[in-house]
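> Have a look at the structure that comes next, please.
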Amino acid sequence: MRLEAPAREQPRTRLPMHLLMRIRLGSVPDVVLATHHRPAFFGRPFLAWVDQAIRTSRSPLTQGERELIAAVVSHANSCRFCTAAHSATSSELLGQPTTAAALDEGGRDSLPPALRATIEFVERLTLDPAAVGVGDVQRAIDAGATAAGLRSAIEVCAAFNVINRIADALDFEVTSERSFAIAARMLTRFGYS
Amino acid sequence: MEDQPAERLASAVLGPEGRTEVVHREAAMKHASAIAHGGRTPVLSLPGPEPEALAGLLETTARHAYRVTDEQVAALRSAGYAEGTLFELIVATAVGAGLGRRQIGLAAVAEWERAAAGDRRGEA
């Protein structure tokens, strides 16, 4: 990470979890260091938002579909760390072929139309937000998305536009595929906060 | 009103847990949100010995954070910026970029719902 403070200044209550991560993953992931560092300022409310957006809020989208949206947004932002992490969580829940199809603009014909339209909506919101309007919503609705589903997708999109930028500005280390897979099992079962 | 987790995040980043002056955190957040909305963005007035370089880091973070370099951050640390300042302003910028997009997306859905409700009333 480009800053040393997040690793240096950690709550003592998190140290047992960090030790477990060192044992299971080989290191404490930079995203954990950044979100456990001064938690009242950023990490605690951010993780509460992500956990609600992806896991606990009532949504027409499944948890796997919301993880997929996180991966798509991260890929659109060219965030290697978050794309790797959420490709792993999406693959854990939806399978690798569906995840790969969503991340490949040319490979999305195999996705359900409503999901594909939702993905395209959040991509546009990520890359060209000033251009997003009611026409984009109508296109997604015409493909089978719902207003509630889009609102749910927007929460995930927004949260990942936050963490993608922090991950890249601080240069979170992209570790091994194995460690992302282990972390994905933990996240999909136990959540983010 | 803080009834949404996203709004609680914004309040935390602008709140008393921050160590930099709130005016600078707020400026960074609003700047990134303004970029998302398009159009003119306010001039980013920042503290310290190299305010233009710091503004450059935050602009890059808001627009395309994958382009931030080791050298950019190292130069600001060498110039005397505390890591806490850099962390807080990067976070504030990122939160502004995310919340700006949230606002745009939710507004578009709300506008669609109003139009759809109007269409249904017209048909009734």
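The values are calculated or read from the model by the stated rules, or taken from the named source; none is laboratory data. Keep in mind that this is a model prediction, so the values were computed, not measured. So basically every Cβ, Gly included, is an ideal-geometry build from the backbone, and we count neighbours across all protein chains shown. Side chains are part of the model used for accessible areas, which takes the heavy atoms of the whole protein and leaves out ligands, DNA and RNA. Shrake-Rupley method; radii C 1.70, N 1.55, O 1.52, S 1.80 Å.
> With every protein chain present, what is the per residue accessible area of chain B (1.4 Å probe, Å²)?
Working: 6150 Å² over 124 residues.
Here the per-residue accessible area is 50 Å².
> Using a 1.4 angstrom probe, figure out how much accessible area chain A has per residue, in square angstrom, rounded to the nearest whole. Could you put the intermediate results ahead of the total?
Details: 8090 Å² over 193 residues.
Normalised by residue count, the accessible surface of chain A is 42 Å².
> Measuring from label point to label point, each 7 Å out along Cα→Cβ, what is the A:ASP142 to A:ALA181 span in nm?
4.2 nm
> Can you pull the accessible area of B:GLU83 for me, 1.4 Å probe, Å² to the nearest 10?
Counting only protein heavy atoms, B:GLU83 exposes about 30 Å² to solvent.
> Trypsin sites (Lys or Arg not before Pro), restricted to the stretch A:1-67: which are DSSP loop and have at most 13 other Cβ atoms within 10 Å? Display every interim value, and only then the final one.
Values: sites: A:ARG2, A:ARG8, A:ARG12, A:ARG14, A:ARG22, A:ARG24, A:ARG55, A:ARG58, A:ARG66; in loops: A:ARG2, A:ARG58.
Here the trypsin sites (Lys or Arg not before Pro) that fit, given the DSSP loop and packing criteria, are A:ARG58.
> Rounded, prolate or oblate: pick one for the protein assembly as shown, where a ≥ b ≥ c are the square roots of the eigenvalues of its C-alpha gyration tensor, a/c under 1.5 means rounded, and failing that, prolate if a/b is larger than b/c, else oblate. Intermediate results must be reported in sequence, preceding the final value.
Values: a/c = 1.83, a/b = 1.27, b/c = 1.44.
It comes out oblate by the Cα gyration axes.
> Still on this model: Can you give the accessible area buried between chains A and B, summed over both chains, with a 1.4 Å probe, in Å² to the nearest 100?
Working: alone 10020 and 8060 Å², together 14240 Å².
Its buried surface, counting both partners, is about 3800 Å².
> What number, rounded to the nearest 500 deg cm²/dmol, is the helix-based mean residue ellipticity at 222 nm of chain B, given -39500 (n - 2.57) per DSSP H run of at least four residues and division by all its residues? Write out the running numbers ahead of the final one.
Details: 5 runs with 90 residues, N = 124.
Per the formula, -24500 deg cm²/dmol.
> Could you state the number of Å between the C-alpha centres of the stretch A:122-193 and the stretch B:50-124?
Rounded to whole Å, the Cα centres lie 14 Å apart.
> Sum up the charges of everything whose Cβ sits under 12 Å from the Cβ of A:SER74, counting Lys and Arg as +1 and Asp and Glu as -1, but leave A:SER74 out.
Taking every Cβ under 12 Å from that of A:SER74, the sum is -1.
> Express the relative contact order of chain A as a whole percentage, based on alpha carbon pairs under 8 Å and six or more residues apart in sequence. Working shown, then result.
Numbers: 233 pairs, mean separation 58.4, N = 193.
Rounded, it is 30 percent for chain A.
> Another question, then. Take the solvent-accessible surface of the protein heavy atoms, probe 1.4 Å, and return the percent of it on the protein assembly as shown that carbon and sulfur atoms account for. Intermediate values should be presented prior to the final figure.
Working: 7340 of 14240 Å².
Solvent-exposed carbon and sulfur of the protein assembly as shown make up 52 percent of the total.
> What does the average come to when, for each residue of peptide B:28-34, you count the partner chain Cβ atoms lying within 10 Å of its Cβ?
Details: counts 0, 0, 0, 0, 3, 1, 1.
Counting other chains' Cβ atoms within 10 Å and averaging over B:28-34 gives 1.
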